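Participant: Questions regarding the structure given below will be posed in turn.
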Amino acid sequence: MKILVCLSNVPDTTSKITFTDNNTAFNTAGIQYIINPYDEIALARAVELAGNGQGTITVIHVGEAAADPTIRKALAIGADQAVRIDAYPRDAWFVAHQIASYAKTQNFDLILTGRESIDYNGSLVQGYIAELLGIPSISIAKKLDINDSQATVEREIEGGKEVIQVPLPVVIGTAEGVAEPKIPNMRGIMSARTKPLEVIQAIDVPALSHITHFDTPPPRGNVKLVDKDHVTQLVELLHSEAKVI
Amino acid sequence: MAILVYIENIAGAFKKSGYEAVSYAKAIGDATGQPVTALSIGKVDTGSLEGLGRYGVSKVIAVNTEQLHQFVNQAYAAVIAEVANSIQATTIVLSNSFSGKGLAPRIAAKLDAALADGAITLPVIKGDAWEIKKSAFSGKAIATQELTAPIKVIALTPNTIEAVEAQTTVEIEAFQPQVAATDLSTVVKDIMQATDKIPLPEANIVVSAGRGLKGPENWKMIEELADVLGAATACSKPVSDAGWRPHEEHVGQTGLAVSPNLYIAIGISGAIQHLAGISSSKTIVVINNDPEAPFFKVADYGIVGDAFDVVPKLIDAFKAYKNH
């Protein structure tokens, strides 16, 4: 089985988010980058599925050379090889076109992404890739098993879950529950240095939209404290002041 | 030019977030002078379809093909794109629900459309360019996206706008889509859905608890409080990681982002990752025995006290409020 895992390089979850150039660009100064946590889940499951020589894992990232440490970490966790499409990852539409264009030449059985990236919070790349390749996609998987040429997936739905079966090849967005993220061991880290990382030129993709600027959410008001022995006061405030009950 | 809004159903009943999408589409229709057509896929009774007239829809296209009685992402996206083409829709609105997240990119790719996912505002229309805001960096920022392509797909964040009634007479048209066999390869084997519970992403009120509860056996009072308020329950990451509560209740940066009218956090300290997922809630109430808990800094109302003491009192107080 040939597995492709798509990686996004995102700011660490504790990062303070600020902007530069009149709030038109994310301020990358001092930001520590990590593998998108949901992509880490995808990679962990790929490592489990490909275990005992049952498959090979390619990780792909669309981005600039600064992301190479993130890619090497994925190799250390257990991917066999890596591909970086050398371009600024403008938006999901652009990224998906790059990945689909590469995937078309490779016949992957399974393409995994995280359910969303924690920076722009899109969950678009999986659906775009699948549509561009003309194959099925599942947006939010909580469980993923492969039997022969079929995937069995638990998909999250409002207030519950759905069990679905889908033939390979398929694109799946993974969420918590699919696997526990793996920490690279020393052997993995050593071998990651020599695993192949191929750099490929990007294809042209016309833009359909772009982000013009960012705002930070308005600061929240000062907390109004209610005495723990007079909780009816809170009920009154929620009713007459906040008007939420 | 026309506006198409896709409205999702669960077991034949339209979802609250679907009505919100209809109202959103209607607002765009009013601003641009275009009629709104709603699309329903699956087994929905005529009464519900006609009911869409109450929200300002002038026409409902109903697809009741048996092969599509269960949700198949690829086929549904194809049907929505086919209907959009047939009515020459240049705006397609749907809810950014779990299913909507799967559909939106596929529809947009089919139509070469610009896609605003997780929209939290109505578009500011400047000719062909539409500006729409969305949450970014897990609630730590708001991004303004300009959609320049002629066709636009908008996936609306649930709970962003209220469904408003706007009576119109509605015409219902049955539609037979061209469904390709290759679009139907996904098979739904089983659905496990608690129909008596309010889905977390759609809930107006969320009662959430953290490690301060000390153990899963103590969630009875959280559930009781949620029951009294008609709320959904949620939890912090350490709680779902420890297996005290299911993953789907985890709210925060790596879990679900919610924006209810009222978010009540009990025994949650307020780590930056948790706050990211709830910061767009309209009102936040924090109950914590540590007055220094960072959560108080973003709360509207707070009670410094032990959850085991405060929550039972709150349940009584809300019950008394509901009964009078």
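Rule-based calculations on the coordinates, nothing more; no lab input. Given the structure is predicted, the values throughout are model-derived calculations rather than measurements. Don't worry about glycine lacking a Cβ; one is built from the backbone with ideal geometry, like all the others, and counts go over all protein chains shown.
Participant: Considering all alpha-carbon pairs of chain A, what whole percent are spaced by more than 24 angstrom?
Facilitator: 51
Participant: Stokes-Einstein at 4 °C, 1.567 mPa s, Kirkwood radius from Cα pairs: D for the protein assembly as shown in µm² s⁻¹?
Facilitator: So the translational diffusion coefficient is about 53 µm²/s.
Participant: Can you give the average number of partner chain beta-carbon atoms within 10 Å of each beta-carbon in peptide A:4-16, as a whole number?
Facilitator: Values: counts 0, 0, 0, 0, 0, 0, 2, 3, 0, 9, 4, 3, 2.
So the per-residue partner count for this stretch is 2.
Participant: Okay, moving on. Considering only DSSP beta bridges with both partners in the stretch B:82-215, what is the antiparallel share in %, to the nearest 5? If you can, show how the numbers build up before the last one.
Facilitator: Numbers: 11 of 21 bridges.
Taking every DSSP beta bridge within the stretch B:82-215, about 50 percent pair in antiparallel fashion.
Participant: Rg/Rh for the stretch A:86-221 to two decimals, with Rh computed the Kirkwood way over all alpha-carbon pairs. Working shown, then result.
Facilitator: Numbers: Rg = 17.6 Å, Rh = 17.3 Å.
Computed over Cα atoms, the ratio is 1.02.
Participant: For Cα pairs less than 8 Å apart in space and 6+ apart in sequence, what is the mean separation divided by the residue count of chain B, i.e. the relative contact order in percent?
Facilitator: 15
Participant: If you average 1/r over every pair of different alpha-carbon atoms in the stretch A:155-214 and take one over that average, what Kirkwood value in Å do you get?
Facilitator: Roughly 17.6 Å, rounded to one decimal.
Participant: Please report how many Lys pairs in the stretch B:232-324 have alpha carbons closer than 27 angstrom, counting only residues at least 8 apart along the chain or sitting on separate chains.
Facilitator: Lysine pairs satisfying the spacing and distance rule in the stretch B:232-324 number 9.
Participant: Could you work out the relative contact order of chain A? I mean the mean sequence separation of Cα pairs under 8 Å and 6+ apart, divided by the number of residues, in percent.
Facilitator: On the way: 462 pairs, mean separation 57.8, N = 245.
Relative CO of chain A lands at 24 percent.
Participant: When DSSP assigns beta bridges and you keep just the ones with both residues in the protein assembly as shown, what percent turn out antiparallel, to the nearest 5?
Facilitator: 35
Participant: Taking Rh as the Kirkwood radius computed over C-alpha pairs, what is the Stokes-Einstein D of chain B at 37 °C in a medium of viscosity 0.692 mPa s, expressed in µm² per second?
Facilitator: D, rounded to a whole number, is 156 µm²/s.
Participant: Take every residue in peptide A:135-145, count the Cβ atoms of other chains within 10 Å of its Cβ, and give the average of those counts.
Facilitator: That average works out to 4.
Participant: Among the lysines, which fall within straight-line cross-link reach of residue A:143, defined as a Cα-Cα distance under 17 Å, with same-chain neighbours fewer than 8 residues apart omitted?
Facilitator: A:161, A:182, B:189
Participant: Compute the angle between helix B:307-323 and the longest alpha-carbon principal axis of chain B, please, reported from 0 to 90 degrees and rounded to the nearest 10.
Facilitator: The two axes meet at around 60 degrees.
Participant: Could you give the angle, 0 to 90 degrees to the nearest 10, between helix B:73-86's Cα long axis and the longest principal axis of the Cα atoms of chain B?
Facilitator: For B:73-86 against chain B, the angle is about 50 degrees.
Participant: Explain nothing, just compute: Karplus ³J(HN,Hα) = 6.51 cos²θ - 1.76 cosθ + 1.60, θ = phi - 60°, for every residue of the stretch A:137-146 in order, whole Hz, x for Gly and Pro.
Facilitator: Working through the residues one at a time gives 9, 10, 7, 9, 9, 9, 7, 9, 10, 10 Hz.
Participant: How many angstrom separate the Cα center of the stretch B:221-298 from the Cα center of the stretch B:157-187?
Facilitator: The distance from the Cα centre of the stretch B:221-298 to that of the stretch B:157-187 comes to 33 Å.
Participant: Now for a separate question. Kindly work out what percent of the DSSP beta bridges joining two residues of the stretch B:2-184 are antiparallel, to the nearest 5.
Facilitator: So the antiparallel bridges amount to about 30 percent of the total.
Participant: If you take the Cα atoms of the stretch A:190-232, find Rg, then find the Kirkwood Rh from the mean of 1/r over all pairs, what is Rg/Rh?
Facilitator: With Rh from the inverse mean 1/r over Cα pairs, Rg/Rh is 1.44.
Participant: Using θ = phi - 60° and the Karplus relation 6.51 cos²θ - 1.76 cosθ + 1.60, list the HN-Hα couplings for the stretch B:243-248 in order, rounded to whole Hz, with x at every Gly or Pro.
Facilitator: x, 5, 9, x, 3, 5
Participant: Another question, then. Count, for each residue of A:203-212, the Cβ atoms from other chains sitting within 10 Å of its Cβ, then give me the mean as a whole number.
Facilitator: Counting Cβ atoms of other protein chains within 10 Å of each residue's Cβ and averaging gives 5.
Participant: What's the angle, to the nearest 10 degrees (0 to 90), between helix A:37-49's Cα axis and the longest principal axis of chain A?
Facilitator: The angle comes out near 40 degrees.
Participant: Oh, and also: Expressed as a fraction of 2.2 N^0.38 Å, the rule-of-thumb size for a compact globular protein of N residues, what is the C-alpha radius of gyration of the stretch B:200-323?
Facilitator: Rounded to two decimals, the normalised Rg is 0.94.
Participant: Then there is this: Using the C-alpha gyration tensor of the stretch B:2-184, what are the square roots of 5 times its eigenvalues, in whole angstrom, with the largest one first?
Facilitator: Its equivalent ellipsoid spans semi-axes of 24, 19, 16 Å.
Participant: Of the residues B:204, B:96, B:289, which exhibits the maximal mean-square fluctuation in a Gaussian network model of chain B defined by a 10 Å Cα contact cut-off?
Facilitator: Of B:204, B:96, B:289, the most mobile in the Gaussian network model is B:289.
Participant: Please give the net charge around residue B:74, taking every other residue with its beta carbon less than 9 angstrom from that of residue B:74, where Lys and Arg add +1 and Asp and Glu add -1.
Facilitator: Details: positive: B:106; negative: A:131, B:183.
It works out to a net charge of -1.
Participant: Next up: Under 8 Å for C-alpha pairs, at least 6 residues apart: give me the relative contact order for the stretch B:216-322, rounded to a whole percent.
Facilitator: Working: 162 pairs, mean separation 23.2, N = 107.
Relative contact order of the stretch B:216-322: 22 percent.
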